[in-house]
Amino acid sequence: MSSRDDGRGRLRMGEYAAAPSEPVLRLSAASSLFPRLPHRSRTPFRVALAAVVVTAIGFALLRWQAPLIMVCALGVPLVFVLYLYESDAHRDLPARSLALTTVLAIGIGVGWARLIGVMFADAYDIALFGPETDTHAYVLGVAIPTVSAVLMLVPVAVVRLIRQPDRESLDGFALGAWSALAFTAAATLTRMAPEFATGITAEGWPVSGLLTMAGIVGAAIPLTAAAVGGLVGAALWSGRTRSIAVSVLVGLGIYAVSGLLEVSPLLHGQHFALHVAIAVVALLALRLGLQQMLLHEPDDDADPDRRVLCAHCEHVVADTALCPNCGVASLAASRASRAARRDTTAEPVRQTSLTRVLAVLGAGVGVAAAGGAAVAAVLTPPPVAYVCPPDCGRPPFGEQVESNPRFVASDGAFTVQYPGPGTAYEATLNPDGVKLEFVGGDTGTLHLFGMPAHSQSPKQIAQDLIRERFPEAVTDYEIPNAMVGYEPGYGVVVDEYPQGASGTFSRLRLIVMVAVKYDYALVAAAIGPYREFTPDDGPGHPSAANLQLAMDMGKYVNSFRWRDLDG
């Protein structure tokens, strides 16, 4: 039979080579991520993936932060481990290949997440205005996930270089997908580790933010990682230079787009929808890649004169590279399964038990969630009690602000004082205000600028500024009797929790204060790492500011002066 007659000379878009009766461009996570399972055995894995998502949603609705983090990081990898077992990877693949992939992926993931901690925080520590900071943020936004994509593929590439010459593309798929999932899980736990010290629950987080985290970190990101890693791994094992080059470029492109998304000022729902779209693209790219490889990969052990039981349609058919009845590739089954069915056509197709899959997955998820709660309980410090005396604070002694230089806006609408040379600040003077980089202590940025109010209230302006740059920020409290330039206004303290596929997890505190006069708004905004003030750390008296910059912010806030239009 010629290649044209058996369908191997074309891409066959209407018939997926790893699942009967499915077109190639059908969105199916089960037949995409579990290609070596018999057709009927994929249903338990569909249920398992759904169970992981439902569990994560449940923890998010309850605001159980610590268990949610564990399920998001380990849920999908646990399902894939079950797939490796059910697809006989422990028999088909050398144990050293699986072990080396696991160790390298976890080690690189942890190291990379720790290395880029400061870089990732800096990407979020951006000015509320200014295109130059946008460029920096977007460059980091693309660079970090792109490098992450390269690093998560290093383990499977190393294994490919030292592995035996006998190989099949779906062997590479299994190792590549597992490499990506292990790397992503390790990086996620590393960058989210600081959150365990904030408590088992997250009372201050809005449910919408936690649900977004469940959908993105628990489902979209690991599915994208598995698809990209599996695509590149399969291409490496196929040995086709063109397939390798195309798969790597597609994977890097997907992660670059994902990085742009991470630094874009979008609402929770928009972030989730776009991450899902990226995951869909990755899964479809995987299906196209596997289709091309399976249709052109020979099965050297096939014998058309022999009769075998097809693992997918369960018909006794000629032993060819593609099943004559359902069209599925013979290589879309494990070596152990193929060998057993070739020994005797009476050998039944082993089906996966839904009960067993859910039992093992439930035990794994339960242990992970309980472990996360236990770690959070141990790491969360007890609340600090203030007793006055002696914890009554210190007098507000400090340098007189009038000794500092004064900035004048380019249009003359306002002036403000700022710290001069020789201080812990590096000042950048812009036409509409001053940007102050705090280079001492916890670091951070203070912005003192003005803008037309356009009949908006101070509260509206503050909320718009925060929503534009930090759409996922969580309001901690509003500042009572806030004043800017001794003019009554509005102030708010919010927390930003940068999270995503490409950087470390951190907690940033943002304080924004706005006052309006003559329909012109003056704004003071400070952002930096969250630090809990205690009797021994901070101003000394009870304070919810919890930002080192806040101790130095007040004197500059009240040095604002509007141009007197009444005079």
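Some points to look at:
- Phi-derived couplings, Karplus 6.51 cos²θ - 1.76 cosθ + 1.60 at θ = phi - 60°, listed residue by residue for segment 272-286: 4, 4, 6, 5, 5, 4, 5, 4, 4, 4, 5, 5, 5, 4, 4 Hz, with x used for Gly and Pro.
- Extension gain, residue 474 to residue 551, is 25.6 nm, computed as 0.36 nm per intervening residue step minus the present C-alpha separation.
- Each residue, residue 167 and residue 208, gets one label point 7 Å from its Cα in the Cβ direction; the gap between the two is 4.8 nm.
- Bridging of residue 555 to lysines at a Cα separation below 16 Å is possible for 435, once same-chain residues fewer than 8 apart are set aside.
- Couplings 3J(HN,Hα) of segment 91-103, computed from phi: 9, 7, 9, x, 4, 5, 5, 5, 5, 5, 4, 5, 5 Hz, in residue order, whole Hz [Karplus 6.51 cos²θ - 1.76 cosθ + 1.60, θ = phi - 60°; x for Gly and Pro].
- Whole-Hz Karplus values for segment 154-159 come out as 4, x, 5, 5, 5, 4 Hz, taken residue by residue from phi with 6.51 cos²θ - 1.76 cosθ + 1.60 and θ = phi - 60°; glycine and proline positions read x.
- Interchain or long-range residues, amide H under 5 Å from residue 484's placed H: 489
- Cut-off under 5 Å, modelled amide H: who pairs with residue 520 long-range: 453
- A simple spin-label model places pseudo-atoms 7 Å from Cα toward Cβ; at residue 534 and residue 25 they are separated by 6.0 nm.
- Look at the alpha carbon pairs under 8 Å that are at least 6 residues apart: their mean separation over the length of segment 401-562 gives a relative contact order of 22 percent.
- Stokes-Einstein D in µm²/s, Kirkwood radius over Cα pairs - segment 401-562 at 20 °C with 1.002 mPa s viscosity: 132 µm²/s
- Between residue 158 and residue 143, the simple label model (points 7 Å from Cα in the Cβ direction) yields a spacing of 2.5 nm.
Only the coordinates and a few stated rules stand behind these numbers; no lab work does. The structure displayed is predicted, hence computed values, not measured ones. When we count neighbours, we look across all protein chains shown, and the Cβ atoms used for this are built from the backbone with ideal geometry, even at glycine.
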